[in-house]
Each structure stands twice: as C-alpha cells, then as structure tokens.
Amino acid sequence: MAKNDLIGGALWDAYSKKVSERMDNPTHLGVLTQEDAKTKNAKLIIADYGAEACGDAVRLYWLVDDNDVIIDARFKSFGCGTAIASSDMMIELCLGKKVQEAVKITNLDVEHALRDDPDTPAVPGQKMHCSVMAYDVIKKAAGIYLGKDIQDFEDEIIVCECARVSLSTIKEVIRLNDLKSVEEITNYTKAGAFCKSCVRPGGHEKREHYLVDILKDVRTEMEAEKLKENAQKSASGELSFKDMTMVQKVKAVDKTIDETVRPMLMMDGGNMEIIDIKDTGDGHIDIYIRYMGACNGCSSAATGTLFAIESVLQQNLDENIRVMPI
Amino acid sequence: MQKRIYLDNNATTMVDPKVKDLMDPYFCKYYGNPNSLHKFGTEIHPAISDALNKLYEGIHARNEDDIIITSCATESNNWVLKGVYFDKIYTGQKNHIITTEVEHPAVGATCRFLESLGVKVTYLPINKDGTISAKQVQEAITPQTALVSIMWANNETGLIFPIEEIGAICKQAGVLFHTDAVQAIGKIPVDVVQANVDFLSFSAHKFHGPKGIGALYIRSGLELTPLLHGGEHMRGRRSGTLNVPYIIGMGEAMRLAVEALSYEQNVVSKLRDRLEDALLKIDDVFVIGDRKHRVPNTTLVSVRGIEGEAMLWDLNKAGIAASTGSACASEDLEANPVMVAIGADKELAHTAIRISLSRFNTQEEIDYAVEVFYKAIQRLRNISSSYGA
C-alpha cells in the first residue's frame, strides 16, 4: 500500500487503449456455422466456458482444417469490457495456429498482446481473471477437437490462474527461500498479485488451493522436518547450542550448571536457578539467573561468581552466552 | 461537448449551489474554532445552532435528543455497533445483534468484525419483496439481543423497509434499534419519534450536502461509549474540532431536502417512472421491486444478456453515470444478493444496473438516457453469448 493505491475506483483508466478499442469494436465477434465449415471444408468446433450465473461466459467458434490449423474463429461473450477485449485478442492469437499450438496460449499471452507498451499491464490486477477465461475456453475447444479433457493440457496444479503459478513452484520457493508470508510468495512468484482470488477464501472466485493454506502447510512441514533433523543431530551429539530448540537449550544449560557450577556454589551454601533464556537477535544468547542461598547478596555475585558461571557456559555451550543475574 | 448526465445519486450527489453559497463565508471569513473563547469562535455559534436546528427538524428529533456530528454515516454506523458492543456486550449483559444480509458494508463488515470478538450476529435474509418483515425481526429477538440494526431504504433497489413496525417491536421488546437512513433522507419523510428509533445514521452527501460529514441521532437518555475519545467536543460524545462550514452545509442541505420532498414524490418519481416505462418496452428487461414501495429516485434495471459492467461502459461512453452492485471488478463475483432474494436467476442478477435520479435531473436528460440505453442494449446483446445466440 502506498500513496498511489490510496485512491480507488479508477479501474477503467488502467485499461490499455487496445482493451478499450476492442471493447468498443471487437474485430472477431460473431458466430460460425456448419455451413461455413462446409464451405471451407473444415471442422466446426464450438466451446463454451464460464457461466452467465457467475457473471462471465464466453463462446468460442473455430473452423479447423485437415492439418489441424484454425483457419477461422469468432466469439460471443457475456462479460465486462475486459472479458470482451480478452476474448477478441484470444481469437487473434489462435488464428492460423495448429490446435496443438493454440492450446499453449495462456492468459498472460492474451494480456501481453493487449498492452500498448511492453512494460505497462493492459488491465488492472483485479481484471486479470477475465483473460483467464479466454485461456480456458481455448483448452475447452482444443479438448473437444482432440478428444481430451481440459485437465489433460495442464501438467501441474495451477494455484494462481492469473500469473500461471503452479502448486509445486509455490511450495519450492517457500522452502528454498524460507518464506514466511503471502506477500513474500507474491514477491517471488507473482502468485496472488492480480485478482487475489488465490490468496485466501472470499475473493473473486472460489479456488481449490489458497496461498495462506499452502504457506501454513509447507511451514508446518518445514518445522516438523527441522525438529526431526534437530533430534537426529542431538542424538548423535552434532547439534550446536545455537541450533537447539528452547527446551533443548534449557536442558543443556541445566545439565552444565548441575555438573560444573552448582556443586561449586553449594560448597559455600549458595545456589542458583535459571529463570529464562532469550535469543537477543543480535547474536547473543542471554541466560537470566536468580541467585539463591548464600549467593544471594554475596559481594562477588555480580563479579567473580558471575564471570565464572558465564565462562563455564561459554566454554561448554556457546561463546555468545551472556549471564544476566536478576 | 459531451453530455454529462448523472444518474448515480445513491452513490453521492451534487452539492446544491444554495448549500455551497451558505458554506462559503465559513472558510475564509468566519473561520474560528467554535470552542474558542474569543469572538472568532463565538461568532460562529448562531450559524451552527441554526444548522443543528435544521437537522433536528429534518428528522423530527426532539430538543432533548442528541444529533452528534460525525464524519460520515460509516462512522455513525460503526459508532452505534461498537458503542453498543462496549456498553452491553463487553460488559456481559447481552451478546446478540440482529441485522440484515443486505446492509451497507459500514454495518455488515462491522458486524462481522464484532463476530470475531465473540458477538452473535443474526443476518436476516430479505424476503421475496426485497425487504425484511417486522415478524422476522420479532422472531429473531432473544433475551440476549442488544441491538437491531436495519437500513431504512436499500441503496441498490431503493426498497423501503418497514421501519416503523420494526421500531415498535424493538421498543416493546426493550431492544435498542438503529437504522441506517442514508438512502431515506431527502427521498421520503423520516420521523425518528414516530418510528421509535433509538439511533439513526445519515450522511450529508446523499442529499446534496458536502462529502465527509454525517451525523448520528441518539434518542434522549441513551448512553453510547464514544468511538473517538479526545476532547470535549459535542459534550464529549464525539471528539474532533467541528467542521464548521460542512455542518452549516449539512444543515442547509437537510432543510432543502425536506422542502423538496414533495418534488421528489411528484416530479422525480415521474422522471424515474418515465425511464422505467421506456426500458420496460424492450424485451427481457426487468425492474426490481414494486414502485409503490421504493424511494422515488431509484430503479434497479436488469437487461437479460448483458453483464452489468459492460452496460455501464457503454453508458459512460455516452456521458451517463450509473452503477452496478454486481460488477465483476467488485469484491467478489457473487450475484447481486438482493436480486437473488427477490427471485431473479443468477444470470439476471449479474445484469443489474442501478439508476438513481435527483431533483437536478431533467426530462431531456432522461429521454437522452433512454436513447443511449436502447443503442447499448442493441450493441451488447449482439456481442452476448447468452442472448439470441
């Protein structure tokens, strides 16, 4: 969020000229009939995608020749301006291509083709889903022509339809980069940057996978793996104090105190207990202790005794330990 | 020069030039803080008092009641809901609020926020008439109910809710009753006493006053924890230095709106009906809700086969401003809930266009709008995959 995002509503101003022009005068609007197919010795394919009940629907007509080439195409649309413009551009991108090639056209290709200049998006983020429908209807038409399901054209589960980001990619970047927030996922992959339906339930469209859930699941898996690895290292004595969990740290400090420090203190009628352990974030580990018995109020508790305890812990566990008597 | 015809008055309205004229001296000439002791402050008091009088008279509030100036109806709505939360729910006395499924987000989203704090909220579904019946409210009230919050008129359909009946039921049940009246003031008579209203929100920009100022009516004797703490403005009920010119503007706008009520009923409604009648001559065009039960300026039109936002695009190209509650750029893609409740199929619900007139619209404008609608319907139905394909 920044200054430029604070004033909403200028949605149509963010459309490229090409989007506006194609909304006003779509160039490939219309229908194709069996008669057209017969005249051109081609096969007629009609595909519907979306639903009027959802506010967006498109019907695609293809004439495909014997070489699988789309020789003519038209569309009809129940949708907003961007849906109409995207459908129109989608037709243009299909024309002259083999069906097997056309099926590779994505919504990103449609949106890029609608840009006035390469660096400025043709539509605002929340309108990207309109171009996705253009992509989906091509798959539907290709499926009808090739006798396949729409899913057969997807190798992977797509989480963000707008940016075409797969589930496996999202999981991978979370792991590789130790990502902790949805914003970080968006920065790394663009997933969730456009219509935001995939971020969490309640957006534009219902989705099967949401970034918040994926992040939570992967982070849970990562934590479990880390603990498992930690336990294995701990068992084999390879675990450094710094990498221990808090419970392990408390146990390690207690063990060292029991074995090395406490007997020394008790000889003089004193004792101590650990109150808290904190990672300071600047590389230090602060251990808060409370003196008991004769140590409490002893003149060397803040000097010699403290230095001795700190030295023992530093030598045995970690050189960055600081002991803080309270 | 391109025409500019504004038919989106339920979103906001033009400031009446008479309102602006009355506000003008309070920017540069009489700019003192009314809370100051010196003359720069005190000389403003009569004008503020006059403005408040106009507000009180406008909604028939009694002198013992309070009308507290806020920044907008959203603030007023938030204040009532959160204030009642702190007064009745946080203290453990009660734990239930009743509202409707079709409230403005200033009420709906605030209720959902309160739910996250543990409040039980009942969202009454609207009936086939597009409103809520008093019986529905009565059946939903429990001993735990702290507040009923129901709009006076719906912003999308213009349908008027039975506020007087609901007010009587709430009074009888000893439950606080709040109504968001932003779409009622200046369109139909509003009488807080007759309707047994405890709290009523309104906003100046909906009745030809300035944007960024509103008010909350609080019935005499009722306490409400303030939303804004700070100073002693408005006797500590709402802190923040008074927005003097806007208060004066809101008062005058209220006076003019009340004065124009019969014009709304007799002239604006006829313009609206003229537009509706012309559109209804086209095949598969529908208007939502009985005219008799609607505010006089509003019509929600559905044109089968044309997605609402596409229609807005064409209207806008011709210089006409209207709106749609189900644009696919809006927060979600769900169909207009009011229309679905009334029984429209979901496709039709995505075609709804809200046209809302004001006393500044003319017959010439309406006739031009009809012409534009006819052309747009022809063009967009030709594109449509669901109409005549």
Single unsatisfied condition, B:Glu223 versus (1) open to solvent by 60 Å² or more (accessible area, probe 1.4 Å); (2) touching a Ser or Thr at 6+ places or on another chain (Cβ under 7 Å): (2)
Which listed residue is more than 14 Å from chain B (Cβ to nearest Cβ) and either among the acidic types (Asp, Glu) or outside any strand (DSSP E or B) (or both), from A:Leu63, A:Leu93: A:Leu93
Entirely in region B:159-219, the strands (runs of 3 or more DSSP E) that have 3 or more residues that are open to solvent by less than 30 Å² (accessible area, probe 1.4 Å) and more than 21 Å from B:Asn243 (Cβ to Cβ): B:176-180
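Which one of these is within 9 Å of another protein chain (Cβ to nearest Cβ), surrounded by 22 or more Cβ atoms within 10 Å (Cβ to Cβ) and at negative phi: A:Val31, A:Val58?
Working: A:Val31 fails: surrounded by 22 or more Cβ atoms within 10 Å (Cβ to Cβ).
It is A:Val58.
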Where a residue in region B:222-242 is assigned to a loop (DSSP other than H, G, I, E, B) and its partner, wherever it lies, is modelled with pLDDT under 85 and open to solvent by 70 Å² or more (accessible area, probe 1.4 Å), with Cβ under 8 Å and at least six apart: B:Ser239/B:Glu232
Condition met for A:Ile71 (free of Cβ contacts under 8 Å to residues at least 24 places away in the same chain and either surrounded by fewer than 17 Cβ atoms within 10 Å (Cβ to Cβ) or not in a helix (DSSP H, G or I) (or both)): no
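Given A:Ala51, A:Ala10, which one is within 14 Å of another protein chain (Cβ to nearest Cβ), under 21 Å from A:Tyr135 (Cβ atoms) and surrounded by fewer than 21 Cβ atoms within 10 Å (Cβ to Cβ)? So that I can check it myself, show each step before the final result.
On the way: A:Ala10 fails: under 21 Å from A:Tyr135 (Cβ atoms).
Result of the check over A:Ala51, A:Ala10: A:Ala51.
Yes/no per residue for (1) in contact with a Cys (Cβ under 8 Å, 6 or more places away or on another chain); (2) on the phi > 0 side of the Ramachandran plot; (3) acidic (Asp, Glu); (4) buried (at least 21 other Cβ atoms within 10 Å of the Cβ):
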| position | (1), (2), (3), (4) |
| --- | --- |
| B:Lys39 | no, no, no, no |
| B:Pro46 | no, no, no, no |
| B:Tyr56 | no, no, no, no |
| B:Arg62 | no, no, no, no |
| B:Asp65 | no, no, yes, no |
| B:Val80 | no, no, no, yes |
| B:Val102 | no, no, no, yes |
| B:Val107 | no, no, no, yes |
Elements of type helices (runs of 4 or more DSSP H) in region A:161-243, at least 1 residues being open to solvent by less than 50 Å² (accessible area, probe 1.4 Å) and not hydrophobic (A, V, I, L, M, F, W, C): A:182-189, A:211-235
Residue that is farthest from B:Glu371 (Cα to Cα), among those in region B:285-316 that are modelled with pLDDT of 95 or more, part of a loop (DSSP other than H, G, I, E, B) and not aliphatic (A, V, I, L, M): B:Pro296
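Is it the case, given these coordinates, that A:Met272 is surrounded by 16 or more Cβ atoms within 10 Å (Cβ to Cβ), within 21 Å of A:Asp178 (Cβ to Cβ) and aliphatic (A, V, I, L, M)?
Spelling it out, it is not the case that A:Met272 is surrounded by 16 or more Cβ atoms within 10 Å (Cβ to Cβ), within 21 Å of A:Asp178 (Cβ to Cβ) and aliphatic (A, V, I, L, M).
The values are calculated or read from the model by the stated rules, or taken from the named source; none is laboratory data. Note that the coordinates shown come from a computational prediction; the quantities given were computed from them, not determined experimentally. Please note: Cβ atoms are built from the backbone with ideal geometry, for glycine as well, and neighbour counts cover all protein chains shown. Note: areas computed on protein heavy atoms with side chains; ligands, DNA, RNA excluded. Shrake-Rupley method; radii C 1.70, N 1.55, O 1.52, S 1.80 Å.
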